[in-house]
Amino acid sequence: MVQTVQGVVLRALKYSESSIIFDLYTRQLGLQSFIVSGVRKAKSKMPAGFFQITSLLEIVAYVKQNDSLSRVKEARPSHHYQRIPFDTIRRSIALFITEILQKSVKDQEPNEVLYRFIEETYLMLDQLEDTPKNHHLLFMLKLSRHLGFHPHGRWQPEKPYLHLVKGIFCDRSDGIYTLTAEISEKISDCIDQDFATGSQIPMSRIQRQQILEGLILFYRYHLEHFKEVKTHQIFSEVLGDG
């Protein structure tokens, strides 16, 4: 069946001399795999650059069921990024966000709310005027809500520790299963913030790194299939202080 879908490229692999196989999280179908041919031919109407990870696309494809590859007939960008390709920090954050989505979103059923959130995540990363150094942290907190295991409650002096397994703020430390009071409070400050205001929350590089490591652990405790994250290792160098 020929179908038009919108989506974001989460994974792309070269296949043969002129083809690409790519995973697209789509508004209409959830996560789907596609193959496109002729992308490296001269004067191709669908150049390979269309299918880089993080790209937002609209495609027309012969959609197959049962995990088969669907063949792309037509493709065009649905948005041209203005900042992400040219800004080291934004590009690094975009790649990290994509890796988190690769490891956490597996549903092949449509989820309009989740798709709109993912699309907004990339668009806001591209559009915010000030460098959004907290964007990936806000994204992980927001995505956890969509996945059903977000932190409940808020930091209080009486309950200053975020428990990573229970997902609540508690009154005493539980070793490796709780974050420090300082980092727990910063995470609480980020909960329910939109991308614009949340990016203005002051954090040091060390705090940002510790929050990130804590949230990755949070995901690993709650998602059985969540594998080791690699792209976050560049943040300590790329994001800098402030």
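Net charge around Glu74, counting only other residues with Cβ within less than 14 Å of its Cβ (Lys, Arg = +1; Asp, Glu = -1)? Numbers along the way, then the final one.
Details: positive: Lys45, Arg71, Lys73, Arg76; negative: Glu58.
That sum, taken over residues with Cβ under 14 Å, equals +3.
Where does helix 135-147 land angle-wise versus the long Cα axis of the chain, in degrees 0 to 90, nearest 10?
Roughly 80 degrees between the two axes.
Could you run the Karplus curve 6.51 cos²θ - 1.76 cosθ + 1.60 with θ = phi - 60° over the range 210-225 and give me ³J(HN,Hα) per residue in whole Hz, x for Gly and Pro?
5, 4, 4, 4, x, 5, 5, 4, 4, 5, 5, 5, 9, 10, 4, 8
Over the C-alpha atoms of the range 149-211, what are the Rg and the largest Cα-to-Cα span, Dmax, in Å?
Spelled out, the Cα radius of gyration and Dmax of the range 149-211 are 11.5, 34 Å.
Check the straight Cα-Cα distances from Lys73 and name the lysines below 21 Å, setting aside those fewer than 8 residues away within the same chain.
Once the sequence-local lysines are set aside, what remains near Lys73 is Lys14, Lys41, Lys43, Lys45, Lys64.
Give me the percent relative contact order of the range 2-77, please, defined on Cα pairs under 8 angstrom at least 6 residues apart.
Working: 178 pairs, mean separation 25.0, N = 76.
Answer for the range 2-77 is 33 percent.
Using a Förster distance of 45 angstrom, determine the FRET efficiency expected from the C-beta separation of Tyr15 and Lys166, and round it to 0.05. The partial results should precede the final answer.
Values: r = 44 Å, r/R0 = 0.98.
Calculated transfer efficiency: 0.55.
Specify, per residue and in Å³, the volume enclosed by the convex hull of the alpha carbon atoms belonging to the chain. Provide the component values of the computation, followed by the final result.
Working: hull volume 30.4 nm³, N = 242.
Convex hull volume per residue, Cα atoms: 126 Å³.
Using just the helices of the chain, give the 222 nm mean residue ellipticity in deg cm²/dmol: DSSP H runs with n ≥ 4 each add -39,500 (n - 2.57), and the total is spread over all residues, rounded to 500.
The helix-only estimate for the chain comes to -10500 deg cm²/dmol at 222 nm.
Would you mind checking the tilt of helix 112-127 against the longest principal axis of the Cα atoms of the chain, expressed as 0 to 90 degrees and rounded to 10?
In the chain, helix 112-127 runs at an angle near 80 degrees to the longest axis.
If you only keep lysine pairs separated by 8 or more in sequence, or across chains, how many in the range 84-238 come under 19 Å at the Cα atoms?
Summing the qualifying lysine pairs gives 13.
So for the range 1-126, what percent of the C-alpha to C-alpha distances run longer than 22 Å?
So the portion of pairs separated by more than 22 Å is 31 percent.
Please list, in order along the range 85-102, the HN-Hα scalar couplings obtained from phi with the Karplus expression 6.51 cos²θ - 1.76 cosθ + 1.60 (θ = phi - 60°), rounded to whole Hz, x for Gly and Pro.
Karplus-based 3J(HN,Hα) across the range 85-102 equals x, 10, 10, 4, 5, 4, 5, 5, 5, 4, 5, 5, 4, 5, 5, 4, 5, 4 Hz.
Quick one: net charge around Lys14, please, counting Lys, Arg +1 and Asp, Glu -1 for every other residue with C-beta under 15 Å from its C-beta.
+1
Scan around Lys73 for amide H atoms under 5 Å from its own, H built in the peptide plane at 1.01 Å from N, and keep only partners 5 or more places away or cross-chain.
Amide H neighbours of Lys73: Val60, Ala61, Tyr62.
Amide H neighbours of Arg11 under 5 Å, counting only residues 5+ apart in sequence or on other chains, H built in-plane at 1.01 Å?
Residues meeting the criterion, in which the H sits 1.01 Å from N, are Asp23.
Using only alpha carbon pairs under 8 Å that are at least six residues apart, calculate the relative contact order of the chain and give it in whole percent.
16 percent
Out of the trypsin sites (Lys or Arg not before Pro) in the range 8-75, which ones are loop residues according to DSSP with at most 16 other C-beta atoms within 10 Å?
For trypsin sites (Lys or Arg not before Pro) across the range 8-75 that sit outside H, G, I, E and B with at most 16 neighbouring Cβ atoms in 10 Å, the list reads Arg40, Lys41, Lys43, Lys45, Lys64.
Which whole-number percent gives the relative contact order of the range 65-148, counting Cα pairs below 8 Å spaced six or more residues apart?
Averaging sequence separation for qualifying contacts and normalising by length gives 38 percent for the range 65-148.
Tell me which residues come under 5 Å, amide H to amide H, from Gly30 once H is placed; ignore anything under 5 positions away on its chain.
Amide H neighbours of Gly30, under 5 Å, 5+ apart: Asn111.
Antiparallel as a % of all DSSP beta bridges within the chain, to the nearest 5?
The answer is about 90 percent antiparallel.
Every read-out reported here was derived from the displayed coordinates using simple, explicitly stated rules and does not represent laboratory data. Just so we're clear, the structure is a prediction, and the values are computed from it rather than from any experiment. Cβ atoms come from the backbone with ideal geometry, glycine included; neighbour counts cover every protein chain shown.
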